[in-house]
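**Q** Here it is, the structure in full.
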Amino acid sequence: MGQTQPRMSSSDSAVDGYDLTLTDKVIAATGPNAHPRLAEIMPSLVRHLHDFAREVNLTVDEWTVAIDLINECGRMSDDKRNETQLLCDILGLETLVDEITANMVADASANGSATPSAILGPFYRHDAPLLPNGSSIVKDLSPEVEWYETAVADSALITGRVLSSASPTEPIRNAIVDVWHSAPNGLYEQQDPDQPDMNLRGRFKTDDEGRFSFYCLRPVAYPIPDDGPAGKFLAMLDRHPYRPGHIHFVVSAPEHRTLTTQIFDDRDEYIQKDSVFAVKDELIVSFVPREGDPNGKWLLEYDFVLDTVA
Ligand code: MBD
Ligand code: FE
């Protein structure tokens, strides 16, 4: 009496030879004063984790390899590199939680016209310089730079507006457009000792018509850092490490939901096979050739639409 029946696990693999009360004991160990959200989600996590291990017959040796991989991710991570996040990215987890979060905040105030979000990725830096509209985020470009020719050929002007999704859509003044992308050698500034601090990063404030504009480079495909455990893992899965050329944005304005997103250059051969699964059709853009401006041989006009906060 009083003994709870072992709760059969949801998986078919929970068969003879396993003490099926283990899963229930772990779940039941959570105390009455546990953090409420943890109390809510841990039973599911424990059940899925245990089911997974039983389903694949995970051995001690295999589990040890996984522990080593996660530990190595942690050891490798610092303010310039987030290997654990990268591991999640190649498993699609950052894209999934971004999607879940977007669905959850799509409340009555959202009217469906807002620009879709995309993952932040591991290379965001706070405090990018606030620059005047019309200036360039390409720093100290000279013929000595290894990728000078590409940078000249791919120089681009991006201009657009930040709009409120409240219908009818209205321009938002003093919105902040925070932008960053990697250099033609495939490296973000903090990964590359040859680039100036904060190269290819900037923040721009929209004017009274909600407009912003800046010079940058058309983005190129590049491999996510594959010299660590995430890269090793990709290789073991016979997967390539490439991301299609992309430009990151965080767009924010008072009374609006901050938009974290990326745009993807439609010329890119990896657009349908992003190693971190972040591409969405609405975020694929076409740069058009531009005459008479040596600082911007390409033009992209792109508006960001932000949801109001309910
Ligand atoms: C990147 O540049 C990136 O944007 C993401 C999401 C993951 C790895 C590298
Ligand atoms: Fe990126």
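**Q** Which numbered condition in (1) under 24 Å from Asp281 (Cα atoms); (2) part of a loop (DSSP other than H, G, I, E, B); (3) within 16 Å of ligand 1 (Cβ to nearest atom); (4) in contact with a strand residue (DSSP E or B) (Cβ under 6 Å, 6 or more places away or on another chain) is the only one that Ala166 fails?
**A** Unmet for Ala166, out of (1) under 24 Å from Asp281 (Cα atoms); (2) part of a loop (DSSP other than H, G, I, E, B); (3) within 16 Å of ligand 1 (Cβ to nearest atom); (4) in contact with a strand residue (DSSP E or B) (Cβ under 6 Å, 6 or more places away or on another chain): (3).
**Q** If you don't mind, there's one more thing I want to ask. Select from the range 70-84 the residues that are in contact (Cβ under 8 Å) with a residue 40 or more places away in the chain and within 15 Å of the chain's Cα centre (by Cα) and write down the one among them that is surrounded by the fewest Cβ atoms within 10 Å (Cβ to Cβ).
**A** Arg81
**Q** Collect the residues in the range 297-310 that are at pLDDT 95 or above, in a loop (DSSP other than H, G, I, E, B) and under 18 Å from Arg211 (Cα atoms), keeping them in residue-number order.
**A** Selection gives Tyr302, Asp303.
**Q** While we're on this one: Determine whether the range 203-213 contains at least one residue that is within 11 Å of ligand 1 (Cβ to nearest atom) and either in contact with a Lys or Arg (Cβ under 8 Å, 6 or more places away or on another chain) or under 24 Å from Ala151 (Cα atoms) (or both).
**A** Looking through the range 203-213, none of the residues is within 11 Å of ligand 1 (Cβ to nearest atom) and either in contact with a Lys or Arg (Cβ under 8 Å, 6 or more places away or on another chain) or under 24 Å from Ala151 (Cα atoms) (or both).
**Q** May I pose another question? So which residues in the range 234-266 are assigned to a strand (DSSP E or B), more than 12 Å from ligand 2 (Cβ to nearest atom) and either more than 27 Å from Leu130 (Cα to Cα) or β-branched (Val, Ile, Thr) (or both)?
**A** Matches in the range 234-266: Val250, Val251.
**Q** Would you check if there is a residue in the range 280-294 being among the basic types (Lys, Arg), within 16 Å of ligand 1 (Cβ to nearest atom) and either more than 23 Å from Thr159 (Cα to Cα) or not in a loop (DSSP other than H, G, I, E, B) (or both)?
**A** There is no residue in the range 280-294 that is among the basic types (Lys, Arg), within 16 Å of ligand 1 (Cβ to nearest atom) and either more than 23 Å from Thr159 (Cα to Cα) or not in a loop (DSSP other than H, G, I, E, B) (or both).
**Q** With the structure loaded, tell me whether Val276 is in contact (Cβ under 8 Å) with a residue 60 or more places away in the chain, open to solvent by less than 20 Å² (accessible area, probe 1.4 Å) and in a strand (DSSP E or B) or whether it fails that test.
**A** No; evaluated as a whole, the condition is false for this residue.
**Q** Continuing with this model, one more query. Which residue is surrounded by the fewest Cβ atoms within 10 Å (Cβ to Cβ), if the candidates are limited to the range 242-260 and must be more than 11 Å from ligand 1 (Cβ to nearest atom) and of a type in the set (Val, Ile, Thr)?
**A** Ranking the qualifying residues of the range 242-260, first place goes to Thr258.
**Q** Give the residues of the range 85-119 that are in a helix (DSSP H, G or I), open to solvent by less than 60 Å² (accessible area, probe 1.4 Å) and more than 30 Å from Thr169 (Cα to Cα), sorted by residue number.
**A** Residues satisfying the conditions are Gln85, Leu86, Leu87, Cys88, Asp89, Ile90.
**Q** Take Ile67 and tell me if it is open to solvent by less than 60 Å² (accessible area, probe 1.4 Å), modelled with pLDDT of 95 or more and β-branched (Val, Ile, Thr).
**A** It is false that Ile67 is open to solvent by less than 60 Å² (accessible area, probe 1.4 Å), modelled with pLDDT of 95 or more and β-branched (Val, Ile, Thr).
**Q** Please go through the range 279-310 and give me each residue that is open to solvent by less than 60 Å² (accessible area, probe 1.4 Å) and of a type in the set (Ser, Thr, Tyr), ordered by number.
**A** Tyr302, Thr308
**Q** Further question on the same structure: Here is a list of conditions, (1) more than 22 Å from Arg173 (Cβ to Cβ); (2) open to solvent by 10 Å² or more (accessible area, probe 1.4 Å); (3) assigned to a strand (DSSP E or B); (4) not hydrophobic (A, V, I, L, M, F, W, C), and Ser213 meets all of them except one; can you say which number that is?
**A** The failed condition is (1).
**Q** Determine which single condition Leu299 fails, assuming it passes every other condition in (1) of a type in the set (A, V, I, L, M, F, W, C); (2) within 18 Å of Glu99 (Cα to Cα); (3) touching a Phe, Trp or Tyr at 6+ places or on another chain (Cβ under 7 Å).
**A** Among (1) of a type in the set (A, V, I, L, M, F, W, C); (2) within 18 Å of Glu99 (Cα to Cα); (3) touching a Phe, Trp or Tyr at 6+ places or on another chain (Cβ under 7 Å), Leu299 violates only (2).
The values are calculated or read from the model by the stated rules, or taken from the named source; none is laboratory data. Just so it is clear, the structure is predicted and the values come from calculations on it, not from any experiment. Cβ coordinates were reconstructed from backbone atoms using ideal geometry, including for glycine residues, and neighbour counts include every protein chain displayed. With ligands, DNA and RNA removed, areas are computed over all heavy atoms of the protein, side chains included. Shrake-Rupley method; radii C 1.70, N 1.55, O 1.52, S 1.80 Å.
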